[in-house]
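Report on one structure; see the data block that follows.
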Amino acid sequence: MLRIGKMAQQPETQPDVPNQQIVSWAKSRLALVSRSPRLVLALGGTLVVIVIAAVALQMRTPAKGIAQVQSSARPGNTGTARVRPVRKVQHMARIATAGGKTDFISRDELAKECIARVGAEVLDELVNRKVIELECARRGITVTNAEVKQEVVRLCKETGMEPSQWYQILKARHNITPEQYHRNRIWPAMAMKKLVGASVVVKEQDLKTAYDHHFGPRVKVRLVVYENIRRANEAWNALQKNPGDFERIAKRDSIEPNSRSLGGLIPPIRRHHEFPKLEAAAFKLKLGEISAIVQYGPPTQSRYGILKCEGHTEPEFEMKDVRDYLVKMVTDQKSQAEMARHLLAIKGRTRVDNYLMNTTTGAVARKTRQAGFNRPASAKPSSGVRPAGGAVPRGTPRSAPPTRR
């Protein structure tokens, strides 16, 4: 405090000796510079270079704050790796126990289970539809939505049913919406019809074969079936002694579950039966007669059957009465067969790499690696189904408009 007071008492006009010396030196230097133009230019140039360098350094160094954060967020400044947001798991079900434990079933779990159960079948339908789409595009063939709806109306008229009623049946029995029915059933069938063209010819022999099968004579029979010839011989010998035991033996021995409980009773055998040997044996029998042992079926699953005739039926209609019906039926059947052959031909020249089943089919087909086969990142599912409109889905009555699973 004392020192400060003494300083305050000093006169303000007292000269500062060191400052006067600095001022004198500066004046002498300026006088020297003013007498040398080259020195002036050198100093001025040096000052300009210093200013430019300072500005450049300021521009290269980002200021802290928002600008710097934005710059650092650019992928080019942080390398090739990019941070992707974490996808939120979508749960399809929630399970909570009385003890307070909770678990979830995710969408991925559900998808994996669905693929494991029906993935191969659904993928095959999608592949077929995509193959048809590509072939239609190549040949310039189109099927409009209006054509699809008109086809549904036509099919429903044939059975005396309104489209709305048919859609309700599809939803109740097969869980199919109208959009799915149009896209996966009607569209492929119409597209294949256009691809095949008017190449179906119905001959008179075709009509006669269809008439014999659907309206011709039939044989009412009972059938007992064995899986080996030894047991069939034993049963045949027993029936020769007592033909009246046929129903009892059929219930006891037959390996056919559907007819066993009925004592061997089966639907009447028609002409052009799926097993020609059974057909030939049945039409030779008279009422009450028992056939010899008939071996039928594929070689790997041969069956040994014994027939008992219970009567014959006569035709109820003549050919002229059902001719129109037969023409339409045979035309549809031959169209279906032709479309199936045409689709196989298209698939034969179209390469399909099935990553689910690890197979390759079609043109330049080759078997893919069974282990370590990687699905390309760009591989996406297609849309489509088996192109065979006109056939009836499983479990659908024959009176319903034709579709195909």
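Take E318, E310 and order them by how many other Cβ atoms sit within 10 Å, fewest up front.
With the sparsest Cβ surroundings first, the list reads E318, E310.
Cut-off is 10 Å between beta-carbons; in what order do C309, C156 appear when sorted fewest neighbours first?
Values: C309 21, C156 18.
Listing C309, C156 from fewest to most nearby Cβ atoms yields C156, C309.
Which aspartates and glutamates have a Cα less than 20 Å from the Cα of K101, not counting those fewer than 8 places away in the same chain? Within reach: E109. Amide H to amide H distances under 5 Å link E310 with K220, V221, R222, G288, where only residues 5 or more positions off or on other chains count and H is placed in the peptide plane.
Here the peptides 259-266, 171-178 are ranked by packing, the mean other Cβ count within 10 Å, and the order with the highest first is 259-266, 171-178. As a proxy for reagent exposure, ranking I249, I306 by other Cβ atoms within 10 Å from fewest up yields I249, I306.
Database remark: amide H of L265 closer than 5 angstrom to the amide H of L223 (H placed geometrically; neighbours at sequence offset of 5 or more, or on other chains; Pro and chain starts carry no H).
Each value in this text was obtained by applying a stated rule to the coordinates, not by laboratory testing. The model shown is predicted, which means the values in this text are computed figures rather than measured ones. Note that we place each Cβ from the backbone using ideal geometry, even for glycine, and neighbour counts take in every protein chain shown.
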